[in-house]
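The values are calculated or read from the model by the stated rules, or taken from the named source; none is laboratory data. Being a predicted model, the structure only gives us computed values, none of them experimental. Heads up, the Cβs are rebuilt from the backbone with ideal geometry, glycines too, and the neighbour counts pull from every protein chain shown. We work out accessible area using only protein heavy atoms, side chains counted, and drop any ligands, DNA or RNA first. Shrake-Rupley method; radii C 1.70, N 1.55, O 1.52, S 1.80 Å.
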Amino acid sequence: MSASTYKTQDCAKQWEVLLLLLSSEEKNIDRTTENEIDTMNYFYNNEGVKKIMLQWLHEMNLSYARKTSESDTALKCNQVSFLWRQQGNDKYHANLVDDSYQCYSKSVIYANQNDTEYALALANRSAALLRLKRFKECLADIDLSIASGYKREMLHKLLLRKADCYIELNQTKNSRESILCASKHASSLNLSASQMAEFERHVRLLERKIHTGEDTHSLDECNVVLPECLNGVNPQFNAASMSIELKNNDTVGRHVIAKEALKRGDVLFSEKPYAWVTLPSDDPVCEMCCQPDINPLPCSSCSRSVYCSEACRSTAFTMFHKWECVGAQSDLFPTIGIAHLALRVLLISQYHGLPTPMSLAKPTAYELFKSYSQVDKIDIYRAETPDFYRMFNLVTNFDKMNNTDYIQYAVTATMLILYLERFTSFFETFESGPLNDRERKMFAAGFMLRCMGQLVCNGHAALSLSTYDDGTGRTVTEREVRRATAIYPSAAMMNHSCDPNIINTFYKNRLIIRCARELSAGAEVFNCYGPHRAREPTAQRRAHLRAQYMFQCMCSACADVEQQQFAMLFAAYACQSCKGPVLWQGKKAHCQHCNADFFPEKALAILDRAEELAFQAIQAKSPQEGCELMQSSYRLKQQVWYRHHASLRAAADRLAKSYADAGEFSKSVELIKQNIQSLEYQYGSFSVEVAHELRKLSDVMLERILNAPRNSAYREWCLETHKIVRKAIQLTELNYGGWEPLVRRLVIQERVVGDLVQDTAAGLSQTDNIHHILHYNLKI
């Protein structure tokens, strides 16, 4: 394919087309049997491929590394920053504080950092942060605004805001010092009488606030204490517990086993990633530590990378962003997917320094590759071994890979080498032993190609929990959000099972792995690479695993004939004779219990009527009418769907929400309990799905007791609610970690309900107390 074939319009979308065209031209040569260096030598010497890649890179830079609209720019632009700051002011004056904060953050990101516009944007954002009770972040913005040259004539107001933050954080000494600094500065200005009077009024308010000691409610993050590996860290197995060990055999390769009996919740791994990249998100994530929901501090040159602190920004720049900044401006990394992480692996390896190799037969990239590969694949996991060896010796599956995919990875690696060569000065500092300039580039290219193969079958999605209000103020919904993709060489040693026995949790970019259930000594520790026995049938899971990981799964869930159709139960219809599950086999469906035939026409007609009623419920004039219509819809669906059908659970959830919105909390509670039983059957009693439902149940139960009269059922409700909240805390901590904001919210709920339980205890006899204590200690 000639360079003239390439069209410059919408070049980001052309990337996949380029890969397909180039791999099609090369498909007749099977390169999966080559080593990575030979492959990259071929493509780097291919002037036609290089010309196309360079043209594409230049077009990406011209298209995206600029002001793309009146409200967005990849670089810095004070006009764009001013636009967002004005919008923030309008939102703030309309008392839309959350919206104003988002606008001010955009203003901070786009402003030139050597200009007063940056200081103004930070100062305005600090005002929103104070209103949002994010006091530590407010202080950081104030300090940075002052350091960036905030207007002298307005500085006294900013210092009073700083004092207000210190008061809220119960730092009386610092607050008094800030008030004193503000007063001294105000006296140095030529303020009018009215301006001075307003300033003194504000000072009096703050001093009164100090004296009265008003109760404050900071939303700032608490200090986090991370759980430690069970019995300490294993020196023979980096970042792993002393209670597990790494083994190797010809049947399953490297794998992890338990050295002793393990309990649910035991920490088996606590591992920082070798490399990571954040993913595009509406919520800002720190490029360095992957902290979600940050108060974004942008790169000083581009508007595409943000950080949680100056420390993270400085470290990231030194480690990798100085080589990535032009690519970020050019929108390169969202376009190339996993290849971005391969580039990051190279950059981080260079930052830490490549290990000194043994003596090489020849000073070539191939010999250096061979040197790094000729190691004991178990011994490299000792804690004292450089991390690079563990990364370099992860499996690639290139020998099993489709030739087209392999060629596309090689073309992508060629493009990334050209990017580093033509758009950065990376190779001026790249140290790789005795290699000359050409061989250094070949080593870097071969290493990135190798990394792409490794990351496809060893990469890990870093997740966190995001919560949002549904708009009614009564219910909150959670969802798991992929914040980053990372590589954890020690955790990658776990083999796959569709029925895993571990739980992955993330604190920033640290992976903390807990035991999900009791394991005996000698049992293998299994991760799940994606397809789970409760979510997909066996054939579908195996197909996914073959496509990405290139093996035929023979785990217990796949080998057990009785479990092979388990996931299909949750999409089954109800038998019209016995209410058992009806599954489709080809074009015919029959009941799994009584083997009766199923006739779908009637069932589909009932579902159509049920959906009509559900739509009418949404349009209802009153909550009560909506509940009645939603209940009628739900009863019709019960006639058609098997009792564990996922859509029937969703219908029950909608009805429960309708009841909660109408104030009929007891009816809502019963429906949620019913869903919990179904979720336990599908996912297990300690699953993340049950944790979410318990949180929902605790919210509705708390609403019930807060809105209920002190009748005979009140204390029963308080005790039951306390028990449910504690169980919700236990499961949410297990599945997400105690550092998640949702856990802190549940802990506050537990205290509130605990106080209510104590308040109601005084009116009960000793016998009643004993009865209720016994009831309270029953398990769910």
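Here are a few things to note about the model shown:
- Accessible surface of residue 625 - all protein chains present, 1.4 Å probe, nearest 10 Å²: 80
- Here the 3J(HN,Hα) profile of region 120-127, calculated from phi with Karplus coefficients 6.51, -1.76 and 1.60 at θ = phi - 60°, is 5, 4, 5, 5, 5, 5, 4, 5 Hz, Gly and Pro shown as x.
- Of the Cα atoms belonging to region 586-737, the radius of gyration and Dmax stand at 17.8, 58 Å.
- Of interest is the spacing of the C-alpha centroids, which for region 276-290 and region 48-92 amounts to 19 Å.
- Heavy-atom accessible area ranking, 1.4 Å probe, most first, across 250, 10: 250, 10
- Solvent-accessible surface ranking, highest first, for 62, 341, 120 at 1.4 angstrom: 62, 120, 341
- Accessible area per residue in Å² at 1.4 Å probe, computed on the chain: 46
- Net charge in the neighbourhood of residue 409 (other residues with Cβ under 13 Å of its Cβ; Lys, Arg +1, Asp, Glu -1) is -2.
- Full extension of the chain between residue 263 and residue 639 gives 131.2 nm of extra length, using 0.36 nm per residue less the Cα-Cα distance.
- Counted charge near residue 360, where neighbours are those whose Cβ lies closer than 11 Å (Asp, Glu -1; Lys, Arg +1): 0
- Here the chain exposes an accessible surface that is 50 percent carbon and sulfur, computed with a 1.4 Å probe and the other protein chains kept in place.
- Debye intensity ratio in log₁₀ form over the Cα atoms of region 277-379, taken at each q of 0.22, 0.23 Å⁻¹: -1.13, -1.21
- Cα-derived Rg to Rh of region 131-232, Kirkwood definition: 1.13
- The spread of Cα positions in the chain, taken along each principal axis and listed from longest to shortest, comes to 91, 88, 54 Å.
- Comparing region 157-202 with the 2.2 N^0.38 Å rule of thumb, its C-alpha radius of gyration ratio is 1.16 (two decimals).
- Summing Lys and Arg as +1 and Asp and Glu as -1 over all other residues whose Cβ lies under 15 Å from the Cβ of residue 443 gives a net charge of -1.
- Ordered by solvent-accessible area of protein heavy atoms (1.4 Å probe), largest first, the residues 58, 93, 156, 692 come out as 93, 58, 692, 156.
- The longest part of the chain holding none of the exposed loop trypsin sites (Lys or Arg not before Pro), meaning those outside H, G, I, E and B in DSSP with at most 10 other Cβ atoms within 10 Å, is 14-586.
- Pairs of alpha carbons in region 595-648 whose separation is greater than 12 Å (percent): 65
- Efficiency of FRET between residue 361 and residue 622 - r from beta-carbon atoms, R0 56 angstrom, step 0.05: 0.10
- Diffusion coefficient, µm² s⁻¹, Stokes-Einstein with Kirkwood Rh over alpha-carbon pairs of region 683-725 at 20 °C and 1.002 mPa s: 194
- For region 293-444, the Kirkwood hydrodynamic radius from C-alpha pairs, put into Stokes-Einstein at 25 °C and a viscosity of 0.890 mPa s, yields a diffusion coefficient of 142 µm² per second.
- Net charge dipole size for region 271-367 [Lys, Arg +1 and Asp, Glu -1 on Cβ; Debye, nearest 20]: 360
- Restricting the GluC sites (Glu not before Pro) of region 425-459 to loop positions (DSSP other than H, G, I, E, B) with no more than 12 neighbouring Cβ atoms within 10 Å leaves 431.
- Rounded Å value of the spacing that divides the Cα centres of region 604-625 and region 629-698: 17
- Counting 0.36 nm for each residue step from residue 674 to residue 374 and taking away their Cα separation leaves a gain of 102.3 nm.
- Amide N of region 297-313 lying under 20 Å from the label point, which is placed 7 angstrom from the Cα of residue 115 along Cα→Cβ: 297-306
- The chain: antiparallel DSSP beta bridges as a percent of all, rounded to 5: 95
- Here the average projected area of the convex hull drawn through the C-alpha atoms of region 65-136 stands at 4.7 nm².
- A Förster radius of 25 Å combined with the Cβ-Cβ distance from residue 758 to residue 209 puts the calculated FRET efficiency at roughly 0.20.
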